[in-house]
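One structure below.
The values are calculated or read from the model by the stated rules, or taken from the named source; none is laboratory data. On a predicted model such as this, the values are computed, not experimentally measured, just so you know. In this analysis, Cβ positions are derived from the backbone assuming ideal geometry, glycine residues included, and neighbour counts consider all displayed protein chains.
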Amino acid sequence: MCGIAGKIFFDPSRNIDVRELRKMTNVISHRGPDDEGHFIEGNIGLGFRRLSIIDLSTGHQPMSDMSGRYWITFNGEIYNYQEKRKELQKKGYTFKTNTDTEVIVNLFAEYKEDCLEHLRGMFGFVIWDKKEKVLFGARDRFGIKPFHYYIDNEKFVWGSELKSIVNSNDINKDLSLSSLDYYFAYGYSKRDKSIYRNINKLEPAQYFYLKPNERKKLVIKSYWDVSFQPDHSKSEDYWKEEIYTTLEESVKMRMRSDVPLGAFLSGGVDSSIVVALMAKNSNQAIKTFSIGFKEEKYNELKYARQVVDRYKTDHHEYIVEPESIDLLPKLVQAYDEPFADSSAIPTYYVSKFARNHVTVALTGDGGDELFAGYNSYVKMLAIKKTFYNTKFTNSAVFKPLNKLVPDYFFGKGYSYYLSKNKDLISAYFCFWKDYERRKIFNSNTRDQININSAERYKEEILNNFNTDFISKVQGLDMKTYMVDDILTKVDRASMLSSLEARVPILDHKFAELSYKIPSKYKLQGNSKKHILKEAFRDILPPDIIGHKKQGFSVPLKHWFKGDLKEYAFDTLLNSKYLEEYLDLNYVKIILENHQKGVRDYSSKIWSLLFLNEWLKQTKL
């Protein structure tokens, strides 16, 4: 696991400054504290920071193929690299290292962009063709690893994190108000955009070609996509066997490492399955790491301990306290842009905690999206079948009432039903609903924002899936929430501690298998992830299968009513940074209503605190 950065001028007479390139890589040294490297040839510079995982002695980058024509910088892990290395050797390729990096560059020499079809893993990389003067880059299928870029009339700049680009010279750092609205809508930035107007992201499963002598000739294409094609001819027993076999293979591949390895264990189904499969395929105790809270409602340690007891893991626990709010400035530095998921706090702590013992940790991320594990899926499906009619729910009396009563009165599932009439992807999925965003922005900001564009973006993705309702929602989550929130959260939090996080459930072969499984096997009544649970029932403690999903929640609701009450009021109501974009009178209403218990506004308060700290650090 590493970090990459680079820059190319379109004018071949302009040379890259090595000091600038080093600055771009130094700011991501946490991604690679073990080594650094730079390749500069006139108007192009490739920069690299290394976290040594495979072939500790000969994995220096930038790296070339044996001919010296192709130069690569690579962030990620390719789990089938040994098999692909043997195939290339049969074709006459020779190798000077034992790394997956050298396998990629030789696969590109052999297959060009079709090399991506051969890669099984997580990655963001660029390859410079010295002969043809062409830059090639790609990102893995689910976007587990990041890739940001900036392009204008003079240059193309890229990096694993935004901070590398921001620390390059002559970068336009204007804030994108549409991205600010998207942040309020969902708590994160759009998959192809950033909070900066002119810095974008390569999307999951995309590659690009850039010819610097043809200015602005950036060609971006997709090489893979989420595609649901349910096979109704197979039995439940058939799918259970396939799930078990394929996921076990994925876990085993991700246990390849030349450094100490462990796993995050939340006490939920997905991480418990990963730990159980690791234990089955290891001749020594698996190191496991769990986070807990003093507030019992949020604490899943008792479930994690059942897995620990069953598989005799080498277990470690850490309790997160309200004082963790002190971590906010560090999180803002890590994420580079507003990011409202407060579970970044425990994710950082479990990563930092684990890094004291291991360099690699397997996670259970992806199971909810692939197997319909979110509570929302049950609610949305139930509402879809209700007796409510749109004439009633959109009436002059009932619709305003929904905005006033507490969330638990009607439930978010009801909100989804409302949004079926243009108003409701927004009401179910949105962090701040459209009417709230119209109030939170001050008049100047509001006049410059098309408030409903964030909702329309997700509606378009949802409608592009030609499949059943549950699969549609799964696909939407995979293309938005999973990559923009979950995977971003884990990547930044883990890499901040120089820890590599591996995601076996998001092996694309396993994902493609899940797309063939009919929804009736994934969601049965109130039983979420039914087929996944059944496939591994024999190797999990019964309580892991049966207990209600909690997620990686943080007790902010209690913290903002107790220890952090004064902090939230003082910080937000006296913020000169927020005042430029927001109506602080409405912010005060949010804070006061949270204290009164009208609704749980803790997530919204956290989103405001994060935005305030980000604006403070960037001084926009």
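What to note about this one:
- Matching residues in segment 159-186 - criterion: being under 18 Å from Gly143 (Cα atoms) and part of a loop (DSSP other than H, G, I, E, B): Ser160, Glu161
- Residue within segment 555-569 that is of a type outside the set (Asp, Glu), in a strand (DSSP E or B) and closer than 23 Å to Gly292 by Cα present: no
- Qualifying residue in segment 242-264 (condition: small (Gly, Ala, Ser), under 22 Å from the mean Cα position of the chain (by Cα), at pLDDT below 95 and within 27 Å of Arg139 (Cβ to Cβ)): no
- Which listed residue is farther than 29 Å from Ser494 by Cα and either out of contact with any His (no Cβ under 9 Å at 6 or more places or on another chain) or assigned to a helix (DSSP H, G or I) (or both), from Glu214, Glu248, Glu203: Glu214
- Filtered by the rule that a residue be in a strand (DSSP E or B), out of contact with any helix residue (DSSP H, G or I) (no Cβ under 8 Å at 6 or more places or on another chain) and surrounded by 16 or more Cβ atoms within 10 Å (Cβ to Cβ), segment 22-45 gives Gly37, Phe39, Ile44.
- Restricting attention to segment 1-21 and to residues that are in a strand (DSSP E or B) and β-branched (Val, Ile, Thr), the residue that is surrounded by the fewest Cβ atoms within 10 Å (Cβ to Cβ) turns out to be Ile8.
- Counting only residues that are in contact with an Asp or Glu (Cβ under 8 Å, 6 or more places away or on another chain), farther than 30 Å from Ile470 by Cα and crowded, with 24+ Cβ neighbours inside 10 Å, segment 340-386 holds 2 of them.
Results for (1) buried (at least 24 other Cβ atoms within 10 Å of the Cβ); (2) within 26 Å of Phe10 (Cβ to Cβ); (3) touching a strand residue (DSSP E or B) at 6+ places or on another chain (Cβ under 6 Å), shown as yes or no for each residue.
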| site | (1), (2), (3) |
| --- | --- |
| Asp65 | no, yes, no |
| Glu83 | no, no, no |
| Leu88 | no, no, no |
| Lys91 | no, no, no |
| Thr94 | no, no, no |
| Val126 | yes, yes, yes |
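- Residues (assigned to a loop (DSSP other than H, G, I, E, B) and closer than 22 Å to Ala382 by Cα) located in segment 427-477: Cys430, Phe431, Lys433, Phe465, Asn466, Thr467, Asp468
- Every pair of residues 6+ apart whose Cβ atoms lie under 9 Å, when the first sits in segment 481-509 and is among the hydroxyl-bearing types (Ser, Thr, Tyr) while the second is part of a strand (DSSP E or B): Ser494/Ala361; Ser494/Glu500; Ser494/Ala501; Ser498/Pro33
- Pair list, Cβ under 7 Å, 6 or more apart: segment 108-133 residue under 21 Å from Val503 (Cα atoms), other residue of a type in the set (S, T, N, Q): Arg120/Asn80; Phe123/Asn75; Gly124/Asn75; Gly124/Ser160; Phe125/Thr73; Phe125/Asn75
- The one condition from (1) crowded, with 19+ Cβ neighbours inside 10 Å; (2) more than 11 Å from Ala361 (Cα to Cα) that Glu249 does not meet is (1).
- Test: Asp114 is outside any strand (DSSP E or B), under 30 Å from Phe429 (Cβ atoms), modelled with pLDDT of 95 or more and among the acidic types (Asp, Glu): no
- Helices (runs of 4 or more DSSP H) wholly inside segment 298-375 containing at least 2 residues that are of a type in the set (Phe, Trp, Tyr): 301-311, 344-355
Residues checked against (1) surrounded by fewer than 21 Cβ atoms within 10 Å (Cβ to Cβ); (2) in contact with a strand residue (DSSP E or B) (Cβ under 7 Å, 6 or more places away or on another chain); (3) more than 27 Å from Ser471 (Cα to Cα):
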| residue | (1), (2), (3) |
| --- | --- |
| Tyr183 | no, no, no |
| Tyr188 | no, no, no |
| Lys201 | no, yes, no |
| Phe228 | yes, no, no |
| Lys234 | yes, no, no |
| Glu241 | yes, no, no |
| Tyr244 | yes, no, no |
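- Among the candidates Ser164, Ser189, the residue that is of a type in the set (S, T, N, Q) and within 22 Å of Val226 (Cα to Cα) is uniquely Ser189.
- All positions within segment 595-608 that are of a type in the set (A, V, I, L, M, F, W, C), more than 21 Å from the chain's Cα centre (by Cα) and assigned to a helix (DSSP H, G or I): Ile605
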